[in-house]
Amino acid sequence: MIQKVETLIIGAGVIGSSTAMHLARLGMTGIHVIDLDLEGTLSSSELNAGGVRATWVQPINIEMSKITIDYFSEVAQEVGYKPCGYLWLHPAERWARAVAAREVQAKMGWPVEVWDVAQLRSRIPFLDKTDGIAGALFAPRDGLINPNLLKKHYRELARSSGVEFVDRTVLRECRYDAGSGTLVHATCERFEKVMSHETKLEIAASELPHLGRSKVEYRAQRVINCAGPWAFRVARILGYKTPAHPVRRQVCIFDGRDVDLTAYGMIVDTSGVYFHPEAMNGLAGFANHDEPAGINFEYDGERFFEERIWPALYERSTAFERLKHVTGWAGLYEVSPDECGIMGEVQDRVFEAHSFSGHGVMHSYAAGLALAEEIIFGRSKTVDISQLSGKRFEAGQLIRENLVI
C-alpha cells in the first residue's frame, strides 16, 4: 500500500499534534501524523505531572513557555489550565542563582514574587518546618494543566483543518530519492487490531523491523521527527544521529490525610521533590539524576514513595508526618545533553522537534508554531529557535538549563 502525503509527522504527542495543527492553520494540506498508540498509554504527554511554568533560567525557555501559557489562558476551560502558581523553596547555596534567574524572568514579563521565610510561613502555613530554606519564589501565572485535554485540543483543531492521525503505525525504514523536489519513502508497519498494554510495551521496546504485518509506504515531501522518547530511534531510521535519550521518571499519588492541598499549586522543595493537589489527594515526583537511560515503564511502587518522596515531605511539614501511598506510575522523559529541546531542520526534507526534557507540554504551542513557520516560511517569525538546533551539540554551543525538576 502506498500513500502520497505532503508532510509525514512521526509521533502524535503534544509536540507532534501542535506542529500538525499549526502547519494546517498556515495552509498546508496533506498532513499525516502516525503513532503506535494514539491513546497515549505510553506517551510522555500523558505520563507526567501536568505542571506548566515559565520560571526558567534560559531566555529561550522562558519565551516559549510564556507564549504557550498565554495561549493556555485563552482556552483555559478546554485544556484544564489553572494559574495556581509554582512555589520554589530554595536552600542557601541556590538562592543567589534563583534570584538572578527571577530578574531575567521579570524583565521578560513573567511575574515572580520573592518571599522570605516569614512570608512563606504566613502564606503557606502548613509548611511549618522551614529548616534549610533561605527563601522562596512564587510565580502566580505558572500552574497546572490537563495534558490529555491539551493533546485532544490540538488534535481536534488539526483534524478540523484536514490533518489525518493514523493509529497503530510504526516507522521501520526510510530512503530518499536523489535530487531536489523528490520524495521521502517511509516504510511503516501497521497493526490492524487493538493491542493490549503489554503488546504496546513489547513493540515500543523493540528496535527490530518486523514488517511481517500490514505494510504501508508513505511518499512525502518532508518528514518530521516528533517521536518523544523514541526520537533517537526514529533519527537512526531517518539517517542521522541525535544525542537524545529516554529516561524513566516516576510519579506517585498519596493520601495527605492531615492537609488539604486543593488551595495550592505546584510546590518544589529544596530536596527536588515536587508536589501538588490531585483531586483530593496529592501528586508527588522526584527526578533521580542517577537513573540510567533506557525505555523502562516499571513503577517501583511504595518503595519509591517511602525512599524518595515521604522523607522529604516529612521534613517540610508536620501535616506530612502521616502520609499513605495510593498509587503511581512511571513514564519517560526524552532528555538532551543540556536539558533543552531539539528542533529545526536536520537535513533536506527532514525536521525534528523533541527532547524537551520534561517541558514539552509547557512549550508545546510555541514549539509547534515556530517549527511550522520555519518549514513554511524558511524561518520562525514568532520565536528564534535557531539556538535549539541539534547541530549545537557538535559545535559545543549548549544552552544549559539548570531549573529542571
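Below, the figures for the structure above:
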{"quantity": "Over 28 Å between alpha carbons, listed pairs LYS152/LYS241; LYS151/LYS193; LYS82/LYS107; LYS151/LYS200; LYS82/LYS324; LYS152/LYS324", "calculated": "LYS152/LYS241; LYS152/LYS324"}
{"quantity": "Gyration tensor over alpha-carbon atoms, the chain, equivalent ellipsoid semi-axes in Å", "calculated": "38, 23, 18"}
{"quantity": "Within-14-Å neighbourhood charge of ASP142 [Cβ basis; K, R +1; D, E -1]", "calculated": "+3"}
{"quantity": "Of the DSSP H helices in the chain, those whose Cα atoms cover at least 15 Å axially and whose Kyte score averages 0.5 or more", "calculated": "14-25, 360-377"}
{"quantity": "Distance from segment 368-405 to segment 44-110 (C-alpha centre basis), Å", "calculated": "18 Å"}
{"quantity": "The chain: relative contact order as a whole-number percent, Cα under 8 Å and 6+ apart", "calculated": "23 percent"}
{"quantity": "Values of log10 I(q)/I(0), in the order q = 0.17 Å⁻¹, for segment 253-384 under a Debye, Cα-only, solvent-free model", "calculated": "-0.94"}
{"quantity": "Under 12 Å, Cβ to Cβ, from VAL326 - net charge with Lys/Arg +1 and Asp/Glu -1", "calculated": "-1"}
{"quantity": "Pairwise label distance in nanometres, GLU103 with GLU394, each label 7 Å out on the Cα-Cβ vector", "calculated": "3.8 nm"}
{"quantity": "For ARG175, net neighbour charge (Lys/Arg +1, Asp/Glu -1) across residues whose Cβ lies under 13 Å away", "calculated": "0"}
{"quantity": "Fraction of beta bridges assigned by DSSP in the chain that are antiparallel (%, nearest 5)", "calculated": "70 percent"}
{"quantity": "Extension gain (nm, one decimal) between SER160 and ALA293, 0.36 nm per residue minus Cα-Cα", "calculated": "44.1 nm"}
{"quantity": "Length added when fully stretched, THR41-LYS241, from 0.36 nm per residue minus Cα-Cα", "calculated": "69.3 nm"}
{"quantity": "Mean Cα-pair separation over length for segment 39-146, i.e. relative contact order, pairs under 8 Å, 6 or more apart, %", "calculated": "39 percent"}
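Any read-out appearing in this document is the output of simple, stated calculations on the displayed coordinates, not a laboratory observation. Predicted, not measured: the structure shown is a model, and the values here were computed from it. Quick reminder, even Gly has a Cβ in these numbers, built from the backbone with ideal geometry, and neighbours come from all protein chains shown.
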